[in-house]
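J.: Below are the structure tokens for one structure; questions will follow.
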Amino acid sequence: MPVEPPPCAWTFPDPEQADESGVVGIGGDLEPGTLLQAYRQGLFPMHVDRGRTLAWWSPDPRGVLPLDRLRVTRSLRRSCARYEIRVDTAFDRVVAACADPKRPHGWITEDIRVAYCGLHRLGWAHSVEAWSRDDGTLAGGLYGVCIGGLFAGESMFHLRPDASKVALVALVDILGEDDVDRLLDVQWTTDHLRSLGAIDMPRNDYIGRLSDVLNLPMPSAFT
């Protein structure tokens with residue numbers, strides 16, 4: 001079971017005070033208690049100014065992927081057979097791959113990487129990995145934070161075709177394994193995520209939904 005860290009030393013502003021870009025506040029730290037408090041209030045961290053300034057975000061609208069709306073094409077279903085799914089066997093490697101500076105639009109700084117690896121060791125952050133059945137190599141995956149019935153997706157990567165999508169299919173299966181109506185947060189929708197079924201949710205609706213899911217049981221795969 002996850003270990004509750006020392007409480008957050010900061011008080012976050014109300015998400016409704018976010019500016020037009022979705023920034024609620026600037027500064028603070030990336031201690032485990034701070035991260036968990038942020039997610040419980042509907043916020044997440046991301047730097048601005050090319051990694052120099054830590055900001056806390058609550059975009060309006062918020063990107064979510066309803067578990068019953070995931071679009072799995074025939075091609076993607078065939079790809080699922082090419083990979084073996086594992087959970088939390090290579091968390092640090094998944095985060096490192098997501099943080100690869102050669103990736104376009106990379107945003108994961110070294111302090112973010114260290115913070116989430118620490119959160120993983122406490123049982124709050126998890127990876128879903130796609131391993132090639134051909135040669136046993138790590139082909140793609142994703143990671144995020146799970147608090148009760150919330151899974152806040154942070155990033156995903158692939159080294160082989162469809163590997164990150166296969167990891168997402170597996171995550172949706174994990175979150176829906178016992179018919180509990182959990183919440184999969186993807187922060188912002190993109191064309192790619194919309195093609196998979198992600199939708200925009202007004203901030204007020206997201207915050208309301210969040211209060212309903214935090215006390216739901218965590219999926220057994222993450223316990």
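J.: Hey, fewest Cβ within 10 Å first, where do Met1, Met218, Met156 land in order?
T.: Met1, Met218, Met156
J.: From the phi angles alone, apply the Karplus equation (6.51, -1.76, 1.60; θ = phi - 60°) to the range 56-66 and give each ³J(HN,Hα) in whole Hz, x where the residue is Gly or Pro.
T.: 10, 10, 9, x, 9, x, 9, x, 9, 10, x
J.: Could you list which residues have their amide H under 5 Å from that of Leu183, counting only those 5 or more apart in sequence or on another chain, with H placed in the peptide plane?
T.: Leu150, Phe151
J.: Rank Cys80, Cys98, Cys146 by mean-square fluctuation in a GNM of the chain with C-alpha springs under 10 angstrom and give only the top-ranked residue.
T.: Taking springs between Cα atoms under 10 Å, the residue moving most is Cys80.
J.: Now for a different question. Along the charge dipole of the range 1-137, Cβ charges K/R +1 and D/E -1, which of Val3, Ser21, Thr137 sits furthest on the positive end?
T.: The listed residue farthest towards the positive side: Thr137.
J.: In a GNM of the chain with a 10 Å cut-off on Cα contacts, which of Trp56, Trp107, Trp124 has the highest mean-square fluctuation?
T.: Trp107
J.: Around Cys98, under 9 Å between beta carbons, what's the net of Lys plus Arg minus Asp minus Glu among the other residues?
T.: In short, 0.
J.: For each of Val3, Val145, Val114, Val180, count neighbouring Cβ atoms within 10 Å of the residue's Cβ, then give the residues from fewest to most.
T.: Sorted ascending by nearby Cβ count, the order is Val3, Val114, Val180, Val145.
J.: Only bridges with both residues in the chain count here: give the DSSP antiparallel percent, nearest 5.
T.: 90
J.: If a/c stays under 1.5 just call it rounded; otherwise compare a/b with b/c (prolate if a/b is bigger, oblate if not). Do that for the range 90-186, with a ≥ b ≥ c from the square roots of the Cα gyration tensor eigenvalues.
T.: Verdict is oblate for the range 90-186.
J.: I'd like to know how the range 32-149 sits against the 2.2 N^0.38 Å rule of thumb: what's its Cα Rg over that expected value?
T.: That ratio works out to 1.18.
J.: For Asp178 and Val114, calculate 0.36 nm times their separation in residues minus their Cα-Cα distance, and state this gained length in nm to one decimal.
T.: Full extension of this stretch gives 19.8 nm more.
J.: For Gly25, which sequence-distant residues (separation of 5 or more, or a different chain) have an amide H within less than 5 Å of its own amide H, given hydrogens modelled in the peptide plane?
T.: Trp56
J.: What number comes out for the charge environment of Leu67, summing +1 per Lys or Arg and -1 per Asp or Glu over other residues with Cβ under 14 Å away?
T.: -3
J.: Along the range 203-220, what does the Karplus equation 6.51 cos²θ - 1.76 cosθ + 1.60 (θ = phi - 60°) give for ³J(HN,Hα), rounded to whole Hz, x for Gly and Pro?
T.: Values per residue, Gly and Pro as x: 3, 4, 5, 4, 4, x, 5, 4, 4, 7, 9, 4, 9, 6, x, 5, x, 4 Hz.
J.: Follow-up. Evaluate the distance, in nm, between pseudo-label points positioned 7 Å from the Cα of Asp29 and of Asp92 along their respective Cα→Cβ axes.
T.: 2.2
J.: Among Thr53, Cys146, Tyr39, which residue has its Cα positioned farthest towards the positive end of the charge dipole of the range 19-154, with +1 placed on the Cβ of Lys and Arg, -1 on the Cβ of Asp and Glu, and the dipole taken about the Cα centre?
T.: Of the candidates, Cys146 comes out farthest on the positive side.
J.: Here is a further query. Counting Lys and Arg as +1 and Asp and Glu as -1, each charge on the Cβ, what is the dipole of the chain about the Cα centre in debye, to the nearest 20?
T.: About 840 debye.
J.: Okay, next question. Mind giving me the FRET efficiency for Arg52 and Asp135? R0 is 41 Å, r the Cβ-Cβ distance, nearest 0.05 is fine.
T.: So the FRET efficiency works out to roughly 0.55.
J.: Residues with beta-carbon under 14 Å from that of Leu138, excluding Leu138: net charge, scoring Lys, Arg +1 and Asp, Glu -1?
T.: So the surrounding residues net to -2.
J.: I would also like to ask the following. Need one word for the range 93-140: rounded, prolate or oblate. Basis is the Cα gyration tensor (sqrt eigenvalues a ≥ b ≥ c); a/c below 1.5 gives rounded, then a/b vs b/c decides.
T.: In terms of gyration-tensor shape, oblate.
J.: Pick from Asp111, Asp212, Asp191: which residue has the top mean-square fluctuation in a GNM of the chain where Cα pairs under 10 Å get a spring?
T.: The residue that fluctuates most here is Asp191.
No lab work stands behind these numbers, since they all come straight from the coordinates. The structure displayed is predicted, hence computed values, not measured ones. Neighbour counts are summed over all protein chains in view; Cβ atoms, including those assigned to glycine, are modelled from backbone coordinates with ideal geometry.
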